[in-house]
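Single-structure report; data block below.
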Amino acid sequence: MKKIISLICALAMILSLSAFLTSCPWDRPVEEPFGYGDDFRIIREMKMNEEKHLLVFNKAESLNFSELVLAQAIQGLYARENARYYCWASGSYETWLEDMVENYGFTYEYVTLEQMVRSYIEDYGNGYVLYNRASLVESTNSACSIAGVTGYLPVDAALKERVEGWGLELKIDASKMTERTCFDLYKDSFNTDGIVQQSPTNVRLRDWAIACGYFMFFREGTDTKELMFRGEVHDWVDEDAAMFGWVPNDEGQDVTVASQYGQFTFPSDHSFNMTVFACKNAFGEADFTQNAKETDIKAEQGKHYVCIMMSDGDNVQMWYNGFADNPKYLGAEKDNSFPMGWSIQPALLELGPNVLNYVKRNAGEKDYFVASVSGIGYIYPQVYPTLDTYTRALSAYLRRADLSVVQILDSGPSDKVVEAYAKIPELKGAIYCYGDRYAAGNGSVYWSNGKPFVSIRETLWNANVESMAERINGYAKDPTTIDGYTAINLHPWSMSYQDAVKLVSLLDESVVVVTADDFIRLITENVPHEDVVK
C-alpha cells in the first residue's frame, strides 16, 4: 500500500498538481473583533484562463453518461490552473453562458470529446483509471476519486477501446473497486477540507469533486456496516468542512449526521460547471448590495405586520438550474406592490458570483434577500460541534453579501444557538424554522443580545391560501406585542410566487407586508425584549 501511495504522490508531482492539493481554504487570516476579514473564504478557488475563452462540450455532440464523466474529469483537472471547459446542459446553463459573454467578456467554441482527450494527453499525460458501472456501479465514484489525486482520467469499460485508440493507457484498474476500498487505499491523498456525497448514478458535480481532490461516496442504507463506514468518513474529514452533493437516505437524519461531525451541506447534486462559476479571477467579487431590504416604515397601532420569505435558498443547484429566471419564483413578472423575500446561499459569493450578480440585476424593485439555512451551508446548529467558528465565518459572508437576517432550521429552539448567532455583528435577527412545515413555533420569539429570533407563524406549504388570509386578518393589530407580527414561509416545492400574490390580495388594509429586515427592526424597536413561547 505504501508503494501505491508513493507512486500516486510522485505522479501527482509530475503533473504539477501537488501545490493545489495541499492548499487549504481554511487557513484563517487575521481575525476581526468577532469574525474574519473580507478575504476569508471556505471554498476552493478555481482559475479561469486569461483569455476567458471556453471550450463547450456536450453541444457539438450529445454525450452519454460515461462520456460526460470523462469530459467533466478533463474539465475539473484543467480548472485547477487553467479552466477552459464548459458543459452545455439543460436548465439555466445557456443563460449563464450568454451572461458570461455579455457581461464578462467571454468567448467560446464547441469541441468534441475526442478533441478534449487529445488535448489533455498533450498537456498532462495519457493515463486512465478504469471503472465498470455496468458490473459495479460504485466503481464510478471510486475512479473519479482516484482521478482527483492522480490526474488519470476515469474511463468506463464501455469506452475502453475507443479512448485507447485516442492514445490513453490504462494505469489503474478500479473496475471492481468499492468506495470502501478506494477510501482505505487513497485517504492519505484526498483533501480533507471537503467531501462530495453523490450517487454513482448521477453524472453531475464530478468536475468539482475531481478539481478539488475530494473523496466521492454515497452510502445508501442504514445497517451497521454502512453507518460505521459513513461515520469513519465524516470523522476523517475536517471540522467546518463542506459537504457537496446531497444525502443518500433521509434529509433530516443525514444532515444531522453531517452536522454532528461539523460538516455543512451544500445541496448541489444537480450542478454542472461549478469549476467555472468558482473562478473568481473571471468574475471578480460579487456586488450583492441590496436596494430593497429595509425602508423607513414606522409601527402604527391598528396594523399587523407580516413578512414573506421563500425557504430552501441554500440549494446551490437550485440557483444554478433555473430558479433565478423561473416564472414561478424570482423570474416571475412582478407588479412590485409588496415586498417579497427570497432566501439565498451566501456561499454563492464563491460558488457563483456571476449568479449573484445576475440575481441582483434581475431582481424586482421590492425583492429582498435573507441568508438561508442555517447560514453557510445547511446545518442543524444544536448538534454542530464548532458553532463558534461557524458563526464567525458566517459573519464575514453576511457582511460581503449585504445580508442581515438568517433563516435558522433546527429541531427546535435552543438558548445555545440563539446566543451563538446573536454574537454576529452583521445579524439583526433571525427567522426560526422548526417542526411541521417549519411552523411549529407558531410565532414564538426568543431574545439574545437585543436581537429577536422569531419563529415562523404561517407557512405556504401545501396551504389553503384563503384560509390563511382569513386567519392573518384576524390576528392582533398591536405592534407592541409579538402577536402583532407574522413571519410567513413560502415552500418552493409545493407553492409559488403566484400563491404569495394571491395571499397578499386577500389581506385587509390593516395588514402591512414588510421586508424581513423591517420586520426584525420593528419588533426590536416596539416589542418587549422577553421570550414569548407559544
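Values for this structure:
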quantity: Near pairs, Cβ below 6 angstrom, 6+ apart or cross-chain, from segment 376-391 (touching a residue at least 24 places away in the same chain (Cβ under 8 Å)) to any residue that is assigned to a strand (DSSP E or B) and of a type in the set (Asp, Glu); calculated: none
quantity: Sole residue being in a helix (DSSP H, G or I), of a type in the set (Asp, Glu) and in contact with a helix residue (DSSP H, G or I) (Cβ under 9 Å, 6 or more places away or on another chain), chosen from GLU220, GLU232, GLU226; calculated: GLU232
quantity: Members of segment 416-444 that are out of contact with any Gly (no Cβ under 8 Å at 6 or more places or on another chain) and more than 15 Å from VAL406 (Cβ to Cβ); calculated: LYS416, ASP436, ARG437, ALA439, ASN442, GLY443, SER444
quantity: Residue list for segment 78-89, restricted to those being out of contact with any Cys (no Cβ under 9 Å at 6 or more places or on another chain) and either surrounded by 24 or more Cβ atoms within 10 Å (Cβ to Cβ) or of a type outside the set (Asp, Glu) (or both); calculated: TYR78, ASN82, ARG84, TYR85, TYR86, CYS87, TRP88, ALA89
quantity: Any chance GLU114 is assigned to a helix (DSSP H, G or I), assigned by TED's automatic domain parsing to the domain that holds LEU77 and surrounded by fewer than 19 Cβ atoms within 10 Å (Cβ to Cβ); calculated: yes
quantity: Residue that is modelled with the highest pLDDT [pool: residues in segment 33-78 that are of a type outside the set (D, E, K, R), assigned to a loop (DSSP other than H, G, I, E, B) and within 24 Å of the chain's Cα centre (by Cα)]; calculated: ILE43
quantity: Segment 148-180, subset part of a loop (DSSP other than H, G, I, E, B) and crowded, with 23+ Cβ neighbours inside 10 Å, residue nearest to the chain's Cα centre (by Cα); calculated: GLY151
quantity: Filtered residues of segment 383-405 (kept if surrounded by fewer than 18 Cβ atoms within 10 Å (Cβ to Cβ) and either among the polar types (S, T, N, Q) or part of a helix (DSSP H, G or I) (or both)); calculated: THR386, ASP388, THR389
quantity: Elements of type strands (runs of 3 or more DSSP E) in segment 237-355, at least 2 residues being surrounded by 21 or more Cβ atoms within 10 Å (Cβ to Cβ) and among the aromatic types (Phe, Trp, Tyr); calculated: 263-267
quantity: Residues that are surrounded by fewer than 19 Cβ atoms within 10 Å (Cβ to Cβ) and under 22 Å from the mean Cα position of the chain (by Cα), drawn from segment 428-440; calculated: ARG437
quantity: Every residue from segment 311-324 that is within 29 Å of ALA469 (Cα to Cα) and in contact with a helix residue (DSSP H, G or I) (Cβ under 8 Å, 6 or more places away or on another chain); calculated: SER311, ASP312, GLY313, ALA324
quantity: Qualifying positions in segment 406-427 - surrounded by 23 or more Cβ atoms within 10 Å (Cβ to Cβ) and in a loop (DSSP other than H, G, I, E, B); calculated: ILE424, LEU427
quantity: Lone qualifier among GLN317, GLN290, GLN345 - being touching a His at 6+ places or on another chain (Cβ under 6 Å) and either at pLDDT 95 or above or not assigned by TED's automatic domain parsing to the domain that holds ASP99 (or both); calculated: GLN317
quantity: Among residues of segment 117-138, those that are closer than 16 Å to VAL196 by Cβ and assigned to a helix (DSSP H, G or I), counted; calculated: 0
quantity: Residue match in segment 125-141 (condition: of a type in the set (A, V, I, L, M, F, W, C), assigned by TED's automatic domain parsing to the domain that holds PHE217 and more than 26 Å from PHE218 (Cβ to Cβ)); calculated: no
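Table: residues versus (1) assigned to a loop (DSSP other than H, G, I, E, B); (2) over 30 Å from the mean Cα position of the chain (by Cα); (3) of a type outside the set (A, V, I, L, M).
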{"residue": "ASN442", "(1), (2), (3)": "yes, no, yes"}
{"residue": "TRP447", "(1), (2), (3)": "no, no, yes"}
{"residue": "ARG471", "(1), (2), (3)": "no, yes, yes"}
{"residue": "THR486", "(1), (2), (3)": "no, no, yes"}
{"residue": "TRP493", "(1), (2), (3)": "yes, no, yes"}
{"residue": "GLU509", "(1), (2), (3)": "yes, yes, yes"}
{"residue": "ASP517", "(1), (2), (3)": "no, no, yes"}
{"residue": "ILE520", "(1), (2), (3)": "no, no, no"}
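Yes or no, residue by residue, for (1) under 17 Å from CYS212 (Cβ atoms); (2) in contact (Cβ under 8 Å) with a residue 12 or more places away in the chain; (3) surrounded by fewer than 23 Cβ atoms within 10 Å (Cβ to Cβ):
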{"site": "ASN64", "(1), (2), (3)": "no, no, yes"}
{"site": "GLY76", "(1), (2), (3)": "yes, yes, no"}
{"site": "GLY91", "(1), (2), (3)": "no, yes, yes"}
{"site": "LEU97", "(1), (2), (3)": "no, yes, yes"}
{"site": "THR140", "(1), (2), (3)": "no, yes, no"}
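Quick grid of which residues meet (1) surrounded by fewer than 22 Cβ atoms within 10 Å (Cβ to Cβ); (2) assigned by TED's automatic domain parsing to the domain that holds LYS328; (3) out of contact with any helix residue (DSSP H, G or I) (no Cβ under 9 Å at 6 or more places or on another chain):
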{"residue": "ALA476", "(1), (2), (3)": "yes, yes, no"}
{"residue": "ASP483", "(1), (2), (3)": "yes, yes, yes"}
{"residue": "ILE488", "(1), (2), (3)": "no, yes, no"}
{"residue": "LYS502", "(1), (2), (3)": "yes, yes, no"}
{"residue": "GLU509", "(1), (2), (3)": "yes, yes, yes"}
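Residue by residue, here is whether (1) among the hydroxyl-bearing types (Ser, Thr, Tyr); (2) touching a Leu at 6+ places or on another chain (Cβ under 8 Å); (3) outside the structural domain of GLN115 (by TED's automatic domain parsing); (4) in contact (Cβ under 8 Å) with a residue 24 or more places away in the chain holds:
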residue: GLU161; (1), (2), (3), (4): no, no, no, no
residue: ASP173; (1), (2), (3), (4): no, yes, no, yes
residue: PHE190; (1), (2), (3), (4): no, no, no, yes
residue: SER199; (1), (2), (3), (4): yes, no, no, yes
residue: ASP207; (1), (2), (3), (4): no, no, no, yes
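The values are calculated or read from the model by the stated rules, or taken from the named source; none is laboratory data. Since the model is a prediction, treat every value here as computed from it, not as a measurement. Neighbour counts are summed over all protein chains in view; Cβ atoms, including those assigned to glycine, are modelled from backbone coordinates with ideal geometry.
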